[in-house]
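Visitor: There's a structure below that I have some questions on.
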Amino acid sequence: MEKTLVLIKPDAFEAHHVGDIIKMYEGIGLRIAAMKLLQMDERLASIHYAEHIGRPYYEPLVSFMTSGPIVAMVLMGEDAIHRVRELHGKTNPAEAADGTIRKLYATDGRKNAVHASDSPESANREIHIFFNETEIYD
Ligand code: CDP
Ligand code: MG
């Protein structure tokens, strides 16, 4: 069973979409292995988004991601990494397919409702930024 890290971003939390988004993960058969509500600070954001440091959008991205609470989750299931990325849709909601979470709930290409790991290596790294082994029920 594969695991992936998902973040429900501050825009979706603020707009009360948490329940609808979680329902979509459970609706495709994924299981919640860990979950918490937290607010990122700049240090946590710099660790999570390390590969984006120096990009022109990095500062506004951190400002957005630290602006309010987020839900962090580990989702588990067969092919979970790929299936969650498909369910989320393209980074920019204008390009996201109908029925995807970003098409339904994202505001724009920055405030785009959700994050998901993009490979087994990033999933392993990102899961352990937010969760200890003892907090993961797999
Ligand atoms: O989240 P995803 O893997 O789809 O996209 P990314 O290219 O890895 O970028 C990470 C996040 O940075 C995006 O989800 C956006 O929130 C933000 N971003 C941005 O604010 N402006 C951009 N031009 C590109 C990404
Ligand atoms: Mg990415």
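The values are calculated or read from the model by the stated rules, or taken from the named source; none is laboratory data. Because the structure is a prediction, the values reported are computed rather than measured. Cβ coordinates were reconstructed from backbone atoms using ideal geometry, including for glycine residues, and neighbour counts include every protein chain displayed. These area figures cover heavy atoms from the full protein model, side chains too; ligands, DNA and RNA do not enter into them. Shrake-Rupley method; radii C 1.70, N 1.55, O 1.52, S 1.80 Å.
Visitor: Answer yes or no as to whether Arg110 is open to solvent by 20 Å² or more (accessible area, probe 1.4 Å), within 15 Å of ligand 2 (Cβ to nearest atom) and part of a loop (DSSP other than H, G, I, E, B).
Guide: Answer is yes for this residue.
Visitor: Report those helices (runs of 4 or more DSSP H) wholly inside region 1-65 carrying at least 3 residues which are open to solvent by 40 Å² or more (accessible area, probe 1.4 Å).
Guide: In region 1-65, 18-27, 42-48, 58-65 are the helices (runs of 4 or more DSSP H) which contain 3 or more residues that are open to solvent by 40 Å² or more (accessible area, probe 1.4 Å).
Visitor: A further question on this structure: Quickly run through region 77-99 and pick out the residues that are outside any helix (DSSP H, G or I), more than 11 Å from Lys3 (Cα to Cα) and in contact (Cβ under 8 Å) with a residue 12 or more places away in the chain.
Guide: If the condition is that a residue be outside any helix (DSSP H, G or I), more than 11 Å from Lys3 (Cα to Cα) and in contact (Cβ under 8 Å) with a residue 12 or more places away in the chain, then Gly89, Lys90, Thr91, Asn92 are the ones that fit.
Visitor: Of all residues in region 113-122, which are outside any helix (DSSP H, G or I) and open to solvent by 20 Å² or more (accessible area, probe 1.4 Å)?
Guide: His115, Asp118, Ser119, listed by residue number.
Visitor: Listed residues Arg102, Arg125; which is without any contact (Cβ under 8 Å) to a residue 40 or more places away in the chain, more than 12 Å from ligand 1 (Cβ to nearest atom), surrounded by 13 or more Cβ atoms within 10 Å (Cβ to Cβ) and not polar (S, T, N, Q)?
Guide: Sole residue among the options that is without any contact (Cβ under 8 Å) to a residue 40 or more places away in the chain, more than 12 Å from ligand 1 (Cβ to nearest atom), surrounded by 13 or more Cβ atoms within 10 Å (Cβ to Cβ) and not polar (S, T, N, Q): Arg125.
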